[in-house]
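Some notes on the structure that comes next.
The values are calculated or read from the model by the stated rules, or taken from the named source; none is laboratory data. Nothing here was measured: the structure is a model prediction, and the numbers come from that model. Cβ atoms come from the backbone with ideal geometry, glycine included; neighbour counts cover every protein chain shown.
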Amino acid sequence: MRKIGDYEIVSEIGKGAFGRVFLAKKDGKEYALKETISSGRKATKAAQRESKLMVSLDHINIVKLYEYFTFGHPAKCFMIMELLIGRELFSIICDENEFDNLTESILKFFIRQIALGLEYLHSKNIIHMDLKPENLIAINKDDKFTEIKIVDFGLAEDISTNPDLCSLNGTDGYKSPEQINFEPISDKSDMWALGCIT
């Protein structure tokens, strides 16, 4: 079995534009291990930046990052995260069978949990910058969605040291007016995206 650091790789469970995610085990526990696909310095620095921002976060509605490290030659960044068993909110919305079962009370439950996660992030002066249904995982336990987790902090910004930060980053259709106009971002930028989702 392949090993990365102290973690045994069980299988690949996902792949995106910038990384692959593996089911990994250590000391009998299961984790999600995210690997940056590019070993270039820019990609590695971006993954390290995301990791440094996430490692101190601890909230039920935000995916937990336990540790991160570089490994191999050339060095790649690896993130050891909470293993999430569920589906992207986007996938649920697009699934006719699931969509028909989304009641108003379930949707209010989802939105409240997203808002609680954002409240926590904003209390830490962190702006997600890319809130969209693809970055929200509905956790499934016993065939019921029990909670929502905010994931993918690749574009997130800590504005505590730069409250006048302007950024065009984000996904069209969810970007706030201040992002589009290259004006200072704030917690309102994420709240705009939440409004677009609802």
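For every residue, the table says whether it meets (1) closer than 20 Å to residue 18 by Cα; (2) acidic (Asp, Glu); (3) in contact with a Leu (Cβ under 7 Å, 6 or more places away or on another chain).
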position: 101; (1), (2), (3): no, no, no
position: 112; (1), (2), (3): no, no, no
position: 129; (1), (2), (3): yes, no, yes
position: 139; (1), (2), (3): no, no, yes
position: 153; (1), (2), (3): yes, no, yes
position: 161; (1), (2), (3): no, no, no
position: 166; (1), (2), (3): no, no, no
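Considering only residues that are surrounded by fewer than 17 Cβ atoms within 10 Å (Cβ to Cβ) and among the hydrophobic types (A, V, I, L, M, F, W, C), which ones fall in the range 24-60?
37, 43, 55, 60
Being at negative phi, buried (at least 16 other Cβ atoms within 10 Å of the Cβ) and modelled with pLDDT of 95 or more narrows it down to one of 21, 63, so name that one.
Result: 63 is the single residue among 21, 63 that is at negative phi, buried (at least 16 other Cβ atoms within 10 Å of the Cβ) and modelled with pLDDT of 95 or more.
In contact with an Asp or Glu (Cβ under 7 Å, 6 or more places away or on another chain), farther than 17 Å from residue 155 by Cβ and in contact (Cβ under 8 Å) with a residue 40 or more places away in the chain: which single residue out of 23, 33 fits that description?
On inspection, the qualifying residue turns out to be 23.
Is it true that some residue in the range 12-30 is closer than 28 Å to residue 113 by Cβ and in contact with a Cys (Cβ under 7 Å, 6 or more places away or on another chain)?
no
Checking the conditions here, which among 67, 119, 104, 98 is charged (D, E, K, R) and in contact (Cβ under 8 Å) with a residue 12 or more places away in the chain?
Going through 67, 119, 104, 98 in turn, just one is charged (D, E, K, R) and in contact (Cβ under 8 Å) with a residue 12 or more places away in the chain: 67.
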